[in-house]
Amino acid sequence: MSSDNIALEAAKSAAESAGKESVSKIADVIGAIFPFFGTTHEAVKIYIEEIKNSNMSPEAKLITIANTKKTYRELINQSKIMKIAEESAKEGTDFSKSSTVDNDWLARFMDSAKFVSNDMMQLVWGRILAGEFELPGSTPPQIIRVLSEITLNYAQIFNSLCNFISTMKYQIKNNFEEEKVIIIDIEDKYFNSLSINFKTLCELQNYGLIEFDNPVGFVKIIPKEELPKFDLIYGDKIITVVDFPEKAFPIGHVLLTDAGQCIAKIIEKDVIEGYFDTLVNYLEKKGVVISP
């Protein structure tokens, strides 16, 4: 059987074995890019034996077998990410051919996903893919580049950084709004112990996950006449801000980019014991008045 036929039959088999139409769009895309999609390890072994017994030259056999094994490993990575996407997506998410997810985007995404073998990173890729099928077109276009380039070490540092996300909750003209902020003091020894420091924050900025401003930090311009007070929430604790210098409320040294926000939404975050006191101290040092 030719590699094209194997690809076609394997993609069909994978969709049938899943027992639903939902894998068909991804299956079609991967089946068009790679041979052997959906093929079992045993089938690959049989195919390799056929190569060994063929009339190919020894050099051609070596190259073909090596490529087959490489492709199979890549497809294992992709299939794991596909499974995570289906398991992570909201109930009723359309993975079928009628989905409006862009085929070119999906092809680029899955082509890059073939290199992802780490379990933690596969989880991130799978959840990003689920989010795109839940809301087609919502994934920042640079996310494939960011995920492809970032190392595991910096992915873990970014994960640690996201543990310090707080939520600003306020009301302006009867509209309730929420905004995610990361308020940290990069000179604090605790953050340094988590490898959150000037160097690593600069690297995360280079990856395109954050914007970093040191030493002044970012501020949010808030008209006090419209917003006399608001809440800052971390975990199950709430800070009520009643005053701050001029109209500039300090929101720390770090802002999440669109790509950073996209990833921050899907990673699991912990509430860090002791951070709330650090947050209060930082705000008071910046002249923020907190309600008792």
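The values are calculated or read from the model by the stated rules, or taken from the named source; none is laboratory data. Everything numeric in this text was worked out from a predicted model, so none of it was measured. All Cβ positions, even for glycine, are placed from backbone atoms using ideal geometry, and neighbour counts span all protein chains on display.
In table form, for the structure just shown:
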quantity	calculated
Tabulated pairs, the range 234-252, first in a strand (DSSP E or B), second surrounded by 12 or more Cβ atoms within 10 Å (Cβ to Cβ) and of a type in the set (Ser, Thr, Tyr), C-beta under 7 angstrom, 6+ apart or interchain	TYR234/SER166; TYR234/TYR275
Lone qualifier among LYS220, LYS224 - being of a type in the set (Lys, Arg) and not in a loop (DSSP other than H, G, I, E, B)	LYS220
Cβ pairs under 8 Å, 6+ apart, first in the range 277-292 and closer than 9 Å to ASP243 by Cβ, second loosely packed, with under 13 Cβ neighbours inside 10 Å and among the small types (Gly, Ala, Ser)	none
Residues (under 29 Å from SER117 (Cα atoms), outside any loop (DSSP other than H, G, I, E, B) and touching a strand residue (DSSP E or B) at 6+ places or on another chain (Cβ under 8 Å)) located in the range 163-207	ILE165, LEU201, CYS202, LEU204, GLN205
Whichever residue in the range 166-192 is at pLDDT below 85 and among the hydroxyl-bearing types (Ser, Thr, Tyr) and, among such residues, is farthest from ARG145 (Cα to Cα)	TYR170
Filter pass, GLN156 being outside any loop (DSSP other than H, G, I, E, B) and in contact (Cβ under 8 Å) with a residue 40 or more places away in the chain	no
Every residue from the range 107-153 that is more than 13 Å from the chain's Cα centre (by Cα), assigned to a helix (DSSP H, G or I) and farther than 17 Å from ILE84 by Cα	ALA107, ARG108, ASN153
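Here is a yes/no grid of residues against (1) among the charged types (D, E, K, R); (2) surrounded by 15 or more Cβ atoms within 10 Å (Cβ to Cβ); (3) without any contact (Cβ under 8 Å) to a residue 40 or more places away in the chain:
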position	(1), (2), (3)
LYS90	yes, no, no
THR100	no, no, yes
MET121	no, yes, yes
GLY126	no, yes, no
ILE186	no, yes, no
